[in-house]
Amino acid sequence: MDIEYRLATPPFCESRIEELLELTGKVFGNTDAVDGPWRLRNMPDVTLLEARRDGKLVGFKIGYAITSTRYYSWLGGVDPDHRRLGIAGELMTRQHDWISRNGYASVETGVQQENLAMTRLNLASGFQVVGIRFKDLGPEITYQKRLSK
Ligand SMILES: CC(C)(COP(=O)(O)OP(=O)(O)OC[C@H]1O[C@@H](n2cnc3c(N)ncnc32)[C@H](O)[C@@H]1OP(=O)(O)O)[C@@H](O)C(=O)NCCC(=O)NCCS
């Protein structure tokens, strides 16, 4: 299966945001809980890594800076019909490569405790557990990975 990977940076056009909302709806079951469009327009140094099959968005990973040296990998997902093909792993590799090349020393992320798939992927990718946050949906494990320049 041919998957094309792309990096998109701001400004994001409305059609790209709509496409992303459609996929987040499929992946998370809603589009209104996440303030994605606001973050895409307002957070610093936003990146959107996309995976496309025949032009259609099938996977994404969004991140942004939280300080001049720390980057936050906020949200990602893969279309249910395209899972276990290595798409999330490839998006993460490309995201970390971009973060490192752009001068950030570390990347952080948070995952709900029961999310086995993302937990396994994070640990296999070199993230370490650095904390826990209690959010509306339950405990979220915080991970950090130091990046080499
Ligand atoms: C988590 C998610 C992004 C993984 O996407 P994916 O493209 O299927 O993942 P990959 O194929 O790259 O898998 C990489 C590794 O993650 C782990 N993994 C992925 N899916 C898994 C599952 N269902 N159960 C257990 N481990 C899993 C495995 O270690 C896998 O490596 P392997 O296939 O060699 O065993 C996808 O399941 C998803 O969109 N889930 C819902 C949204 C979500 O949880 N997003 C993350 C929180 S923001």
Please give the number of the condition Glu114 fails out of (1) within 8 Å of the ligand (Cβ to nearest atom); (2) open to solvent by 20 Å² or more (accessible area, probe 1.4 Å); (3) within 21 Å of Gly25 (Cα to Cα). (1)
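In this structure, is Lys61 of a type in the set (D, E, K, R) and either open to solvent by less than 70 Å² (accessible area, probe 1.4 Å) or within 13 Å of the chain's Cα centre (by Cα) (or both)?
yes
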Determine the pairs where a residue that is in contact (Cβ under 8 Å) with a residue 40 or more places away in the chain, located within the range 108-129, has a partner that is assigned to a loop (DSSP other than H, G, I, E, B) with Cβ atoms under 9 Å apart, the partner being 6 or more residues away or on another chain. Glu108/Ile66; Glu108/Phe127
Can you name the residue in the range 19-35 that is at pLDDT 75 or above and of a type in the set (D, E, K, R) and is also nearest to Gly77 (Cα to Cα) among such residues? Lys26
So which residues in the range 78-100 are buried (at least 16 other Cβ atoms within 10 Å of the Cβ), among the charged types (D, E, K, R) and in a helix (DSSP H, G or I), if there are any at all? Glu90, Arg94
If you go through the range 26-52 one residue at a time, how many are in contact with an Asp or Glu (Cβ under 7 Å, 6 or more places away or on another chain) and more than 12 Å from the ligand (Cβ to nearest atom)? 1
In the range 1-46, which residues are open to solvent by less than 70 Å² (accessible area, probe 1.4 Å) and of a type in the set (A, V, I, L, M)? Ile3, Ala8, Ile17, Leu20, Leu21, Leu23, Val27, Val34, Leu40, Met43, Val46
Hey, Thr67 hits all of (1) more than 8 Å from the ligand (Cβ to nearest atom); (2) within 21 Å of Leu21 (Cβ to Cβ); (3) open to solvent by 40 Å² or more (accessible area, probe 1.4 Å) but one; which does it fall short on? (2)
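The values are calculated or read from the model by the stated rules, or taken from the named source; none is laboratory data. Quick caveat, the model's predicted, so the values are computed rather than measured. Note that each Cβ is placed from the backbone with ideal geometry, even for glycine, and that neighbours are counted across all protein chains shown. To get the accessible areas, we keep the full protein, side chains included, count just its heavy atoms, and leave off ligands, DNA and RNA. Shrake-Rupley method; radii C 1.70, N 1.55, O 1.52, S 1.80 Å.
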